[in-house]
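The structure appears below as structure tokens.
All of the numbers you see were taken from the coordinates with simple rules; none came from a lab. Remember, predicted model here, so these are calculated numbers, not experimental data. Virtual Cβ from ideal backbone geometry, glycine too; neighbours counted across all protein chains shown.
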Amino acid sequence: MNVSELLNDKINSKRREIESLSSEIIGLQKQQEQQKPGIEEWVDYEFETSLGLTEEFNSFYHDIRKFLKKELKEEFELTVKRGHFEFLGFVKNRKTNKWAYFSCSDVRFFKNEWFKNLLIRTAKGERDFTGGRNTFSEFLNIRENLLKLTN
């Protein structure tokens, strides 16, 4: 292969990279146009994978925590913790003093499970990760479902 052919191969390879990146940009722009307000903006979001904490997951976690604090503040004491692309927490019902646990699957591999099927169950306290029987809640219904578990 001569120099001219090698340069042609490199040029064609870079053109394919540009086309691929252009397609990715178009997809991201479409996703941006379809954003929903509030916590629902994270529905259908494709999280990048990483060995460490990413800025996008950190932002997601802070939005989750903010939503839960606002949603549960009247009836529950709340503890929320971040894992590696997942979150979990405990609530204590202020009236009954009963505990419940909640957690979500890895958001990179179980897209929207945090929103559709959040694991919830009764707990004996803030360190009881095994607790009662597994049940599931849609994220937007977590308050009502935690109240059912802890009343």
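Okay, here's what the table says:
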read-out: Residue-by-residue Karplus 3J(HN,Hα) for segment 95-105, coefficients 6.51, -1.76, 1.60, Hz, glycine and proline x; value: 8, 9, 6, 8, 9, 9, 10, 9, 7, 10, 6
read-out: Nearest-ten-degree value, helix 55-72 long axis tilted from longest Cα axis of the chain; value: 20 degrees
read-out: Contact order relative to length of the chain, as percent, for alpha carbon pairs under 8 angstrom and 6 or more apart; value: 15 percent
read-out: For P(r) over Cα pairs in 5 Å bins from 0, in percent, calculated from these coordinates, the label among [x] 2, 9, 15, 17, 14, 11, 8, 5, 5, 4, 3, 3, 2, 1, 1, 0, 0; [y] 2, 7, 13, 14, 12, 11, 10, 10, 9, 6, 4, 2, 0, 0, 0; [z] 2, 10, 17, 22, 21, 15, 9, 4, 0; value: [x]
read-out: Ranking of 61, 101 by count of other Cβ atoms within 10 Å, fewest first; value: 61, 101
read-out: Of 92/116; 14/116; 70/124; 66/111, those spanning more than 32 Å from alpha-carbon to alpha-carbon; value: 14/116
